[in-house]
Amino acid sequence: MIRTEKLTYTYSQGTPFEKTAVDNVDLHIEEGAFVGIIGHTGSGKSTLIQHLNGLIKPTSGKVYIDGEDIHGKNVKLRDIRFKVGLVFQYPEYQIFEETVSKDIAFGPKNMGLSEEEINTRVREAAAMVGVGEELLDRSPFELSGGQKRRVAIAGVMAMRPKVLILDEPTAGLDPKGREVILDQIKEYHQRSHTTVLLVSHSMEDVARFAEKILVMNKGKVFCYDTPPNVFTRADEIASIGLSVPQVTKVFGLLRSKGIDIRQDVYTVDFAMKTIKEYLEQKGR
Amino acid sequence: MLKDITIGQYFPGDSVVHKLDARFKLLITAIFIVMLFSADTFPGLGIALVFFVISFIASRLSPKLMIKSMKPIIPVIIITSILNIFFIEGVPLISIYKFRLTDNGLRTSGFMIVRLIALICGSSLLTYTTSPIVLTDAIEQILRPLTKIKFPAHELAMMMTIALRFIPTLLEETDKIMSAQKARGAELDSGPFLQRAKALIPILIPLFVSSFRRAEELALAMECRCYNGGEGRTKLKTLVSGGKDYLALSISILFLCAVMVIDMGRLGVA
């Protein structure tokens with residue numbers, strides 16, 4: 001679905017401020033996957049995702065979407081952007097229309113869809129993120145921060161992209177708001193069977209939802225694997241300054257105390273099961 | 001694209017020009033501009049240019065930077081020079097249809113081009129070598145006597161400081177919003193004029209909204225720190241003038257006199 005080949009991007013090339021943000025990244029993301037992208041501030045994750053819908057042209061290397069080189073001769077970047085929907089960080093700052101429904105309709109309208117089709121999509125996307133019908137005719141500027149954010153996410157979902165990329169969709173929200181948005185994204189993924197890429201700081205969030213995790217460090221891919229495989233490398237991950245989920249840390253401590261317990265634990269539910277099994281085994 | 005704007009950008013350094021007192025630099029720049037506009041002959045203009053070249057070399061900036069700062073005004077220069085060439089009366093050299101290329105026109109437009117370029121370069125030299133904060137400080141101090149007639153010198157300087165401070169922030173913000181709207185399929189750089197103007201709405205509205213939000217936040221933050229205007233406010237870094245500042249000022253006045261003498265002389269002969 002998404003493939004990059006030796007993707008490299010250098011900011012301000014030829015000036016003293018030169019910085020390689022993405023360094024020789026080879027990546028292959030399968031169709032329908034839910035991928036969590038994690039990395040430090042400045043690890044190049046935001047730069048990487050902006051390559052995937054052609055907002056940034058790579059300094060060198062290639063990006064393929066559905067096997068098609070997006071900077072190829074006969075490819076219209078606009079079509080790629082409808083295929084690969086990108087929700088930026090703090091997306092509520094991009095809202096501009098008079099009403100919520102008009103703002104969600106901005107993307108579909110740019111696609112040149114019929115009025116009816118636009119309407120269905122707006123309603124569908126609004127429902128997906130839990131924006132009620134009664135809000136559709138309100139001004140988006142009257143909404144609360146969390147609501148605005150969900151309207152903005154709906155604006156991208158309404159384009160029905162084959163790939164949905166979200167850059168820190170929960171940044172600056174309270175725990176409840178985070179929970180709600182993450183659940184909605186998970187549900188969206190399950191219902192639409194599309195590929196979802198979720199960029200996040202929080203290992204906890206990523207561990208809970210993603211089928212695969214891409215860890216970025218200093219512009220390079222540190223690892224790209226399933227959560228259990230990633231978290232068995234907890235020490236290495238800690239050494240690049242990222243924290244593993246709290247439960248994984250607890251299990252690491254238990255192991256260092258000489259308790260023989262598995263290491264690839266990263267959700268609370270699974271941790272409970274593991275401890276129970278361990279205790280039962282020991283009790284025997 | 002937006003990152004290429006260099007006007008008003010400061011490049012730190014430790015040359016003589018960088019170290020001059022900003023108030024004097026401001027004055028010297030003003031003198032340089034007076035030089036440019038009081039010069040009516042090429043020799044007079046030449047002296048002003050010599051003055052600029054000396055200061056430029058003393059600043060140890062790269063010539064590339066100066067050339068880069070010229071880019072945005074090239075269209076202005078081309079248009080004014082074309083208008084001047086063809087619409088000033090004089091002895092015709094070549095005539096095409098109704099347009100006549102005259103000696104006077106050629107001379108005036110050549111003069112205009114040099115004057116414009118020197119003007120931009122001179123003021124760029126000031127902003128390249130002086131940090132915006134120091135510059136507004138200097139403006140405030142120069143204008144301070146006017147507060148006696150209720151001129152809001154401090155407020156003006158504060159407004160300028162804030163405006164300058166937010167230029168990069170707003171550029172970054174614009175870049176972000178443009179990317180976000182492009183990701184939703186907005187077409188910003190193609191289509192007929194009206195459509196392109198309309199395409200600006202999704203950029204401008206979020207930009208306005210966020211500017212207002214920023215303004216409110218800043219006002220609040222300033223009030224929290226008990227900001228209440230210029231009265232009794234002290235400076236972290238006060239401007240100090242010394243011998244070299246007076247020397248630089250004297251040199252520029254000398255150059256100004258030279259320009260005036262040359263052009264007055266010409267007037268006297270005529």
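The values are calculated or read from the model by the stated rules, or taken from the named source; none is laboratory data. Predicted model only: the values in this text are computed from it and were never measured. Cβ atoms come from the backbone with ideal geometry, glycine included; neighbour counts cover every protein chain shown. These area figures cover heavy atoms from the full protein model, side chains too; ligands, DNA and RNA do not enter into them. Shrake-Rupley method; radii C 1.70, N 1.55, O 1.52, S 1.80 Å.
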Checklist entry - Just to be sure, is B:L188 in contact with a Gly (Cβ under 8 Å, 6 or more places away or on another chain) and either assigned by TED's automatic domain parsing to the domain that holds B:K19 or modelled with pLDDT under 90 (or both)? => result no
Checklist entry - In the set A:G36, A:G44, A:G32, which member is in contact (Cβ under 8 Å) with a residue 12 or more places away in the chain, surrounded by 19 or more Cβ atoms within 10 Å (Cβ to Cβ) and more than 26 Å from B:Q181 (Cβ to Cβ)? => result A:G36
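Can you find a residue that is under 22 Å from B:S210 (Cβ atoms), open to solvent by 10 Å² or more (accessible area, probe 1.4 Å) and either part of a loop (DSSP other than H, G, I, E, B) or within 12 Å of another protein chain (Cβ to nearest Cβ) (or both) anywhere in region A:146-156? If you could, list the steps in order and put the result at the bottom.
Here is the first cut: in region A:146-156, the ones under 22 Å from B:S210 (Cβ atoms) are A:146-156.
Checking the rest, the ones that are also open to solvent by 10 Å² or more (accessible area, probe 1.4 Å) come to A:146-148, A:150.
Checking the rest, the ones that are also either part of a loop (DSSP other than H, G, I, E, B) or within 12 Å of another protein chain (Cβ to nearest Cβ) (or both) come to A:148.
Yes - at least one qualifying residue is present in region A:146-156.
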Checklist outcome for this item: Filtering region B:29-54 down to residues that are not in a helix (DSSP H, G or I) and not polar (S, T, N, Q) yields B:A39, B:D40
Checklist outcome for this item: In region A:104-119, anything at the interface with another protein chain (Cβ under 10 Å from one of its Cβ atoms) and charged (D, E, K, R) is listed as A:K109
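Please pick out the residue among B:G46, B:G13, B:G90 that is surrounded by fewer than 19 Cβ atoms within 10 Å (Cβ to Cβ) and under 27 Å from B:I133 (Cβ atoms).
Details: B:G46 fails: under 27 Å from B:I133 (Cβ atoms); B:G90 fails: under 27 Å from B:I133 (Cβ atoms).
Every option except B:G13 fails the conditions.
With the requirement that a residue be open to solvent by 10 Å² or more (accessible area, probe 1.4 Å) and under 16 Å from the mean Cα position of the chain (by Cα), what does region A:211-222 give you? Break it down stepwise before answering.
Of all residues in region A:211-222, those open to solvent by 10 Å² or more (accessible area, probe 1.4 Å) come to A:211-212, A:217-218, A:220-222.
Those that are open to solvent by 10 Å² or more (accessible area, probe 1.4 Å) and under 16 Å from the mean Cα position of the chain (by Cα): A:E211, A:K212, A:V221.
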Item to check | The listed residue being among the acidic types (D, E), in contact with a helix residue (DSSP H, G or I) (Cβ under 6 Å, 6 or more places away or on another chain) and either buried (at least 20 other Cβ atoms within 10 Å of the Cβ) or outside the structural domain of B:A248 (by TED's automatic domain parsing) (or both), out of B:D40, B:D21 | outcome: B:D21
Checklist entry - Can we say B:S250 is in the same structural domain as B:P43 (by TED's automatic domain parsing) and either over 30 Å from B:D137 (Cβ atoms) or surrounded by fewer than 16 Cβ atoms within 10 Å (Cβ to Cβ) (or both)? => result yes
Checklist entry - Looking at B:K244, is it more than 24 Å from the chain's Cα centre (by Cα), in contact (Cβ under 8 Å) with a residue 24 or more places away in the chain, surrounded by fewer than 15 Cβ atoms within 10 Å (Cβ to Cβ) and not in a loop (DSSP other than H, G, I, E, B)? => result yes
Next on the checklist: Checking A:Y11 against (1) at pLDDT 90 or above; (2) in contact with a Lys or Arg (Cβ under 9 Å, 6 or more places away or on another chain), only one condition comes out false. Which one?
Outcome noted: (1)
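Being surrounded by fewer than 17 Cβ atoms within 10 Å (Cβ to Cβ) and in a helix (DSSP H, G or I) narrows it down to one of B:I85, B:I57, so name that one.
Details: B:I85 fails: surrounded by fewer than 17 Cβ atoms within 10 Å (Cβ to Cβ).
Just one listed residue meets the conditions, B:I57.
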Checklist outcome for this item: Per the list (1) open to solvent by 50 Å² or more (accessible area, probe 1.4 Å); (2) under 21 Å from the mean Cα position of the chain (by Cα); (3) within 14 Å of chain B (Cβ to nearest Cβ), residue check on A:F88 breaks on (1)
Item to check | region A:75-85, residues that are open to solvent by 10 Å² or more (accessible area, probe 1.4 Å) and more than 7 Å from chain B (Cβ to nearest Cβ) | outcome: A:V75, A:K76, A:L77, A:D79, A:K83
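Suppose the filter is among the aliphatic types (A, V, I, L, M), more than 14 Å from every other protein chain (Cβ to nearest Cβ) and closer than 22 Å to B:L207 by Cβ; does A:V100 pass it? Quick ask: steps written out before the conclusion?
On the way: among the aliphatic types (A, V, I, L, M): yes; more than 14 Å from every other protein chain (Cβ to nearest Cβ): yes; closer than 22 Å to B:L207 by Cβ: yes.
Yes, satisfied.
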Item to check | Residue that is farthest from the chain's Cα centre (by Cα) [pool: residues in region A:223-239 that are crowded, with 17+ Cβ neighbours inside 10 Å and part of a helix (DSSP H, G or I)] | outcome: A:A234
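Here are some residues: A:L198, A:L242. Which one is part of a strand (DSSP E or B) and within 30 Å of A:D23 (Cα to Cα)?
Working: A:L242 fails: part of a strand (DSSP E or B).
Going through A:L198, A:L242 in turn, the sole match is A:L198.
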